[in-house]
Amino acid sequence: MNDHAMQSATPASALLTRLQQQGFSLSTTPDNELQVRPASVLDDGLRAAIAQHKPALIALLQGGEVLADDRRRCRDCYHLQTAGNCSMAALGRLPGVPRWYLPAKDVQGRCHLFCALPY
């Protein structure tokens, strides 16, 4: 695996994806501070995760090339069930994919329904 692919699978990039999927907007200020909007909706768990990964989140937001590779592993997705199947496929939410779909857990791919596992 090359460095670029490893960077795309960092906990900070998964957190950024998760926050964006939940409707949060993240940006940096000219003073290199992190802004998360709407901050009033953040719970304590998200605040702690953001604080833990703040330098990496700022680096991701300032260096767009890090996020250019949006591939993820199914094993890192909330929708992968313990039986190995994709719950979104089972619900018919993945067009062209059979409901019994058993994804390769460790192969990187793109999925518009990817949902990062909670920390």
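A few comments on the model shown:
- When the stretch 14-58 is filtered for residues that are within 20 Å of Arg71 (Cβ to Cβ), buried (at least 17 other Cβ atoms within 10 Å of the Cβ) and in contact with a strand residue (DSSP E or B) (Cβ under 9 Å, 6 or more places away or on another chain), the ones remaining, listed by number, are Ala14, Leu15, Leu16, Thr17, Arg18, Leu19, Leu57.
- Any hit, the stretch 63-84, residues being β-branched (Val, Ile, Thr) and in contact with a strand residue (DSSP E or B) (Cβ under 7 Å, 6 or more places away or on another chain): no
- Members of the stretch 61-106 that are modelled with pLDDT under 90, in a loop (DSSP other than H, G, I, E, B) and exposed (fewer than 11 other Cβ atoms within 10 Å of the Cβ): Ala68, Pro95, Gly96, Asp106
- Residue in the stretch 10-24 that is of a type in the set (Ser, Thr, Tyr), part of a loop (DSSP other than H, G, I, E, B) and either modelled with pLDDT under 85 or within 25 Å of Asp106 (Cα to Cα) (or both) present: yes
The values are calculated or read from the model by the stated rules, or taken from the named source; none is laboratory data. Keep in mind that what you see is a predicted model, and the values were worked out from it rather than measured. Neighbour counts are summed over all protein chains in view; Cβ atoms, including those assigned to glycine, are modelled from backbone coordinates with ideal geometry.
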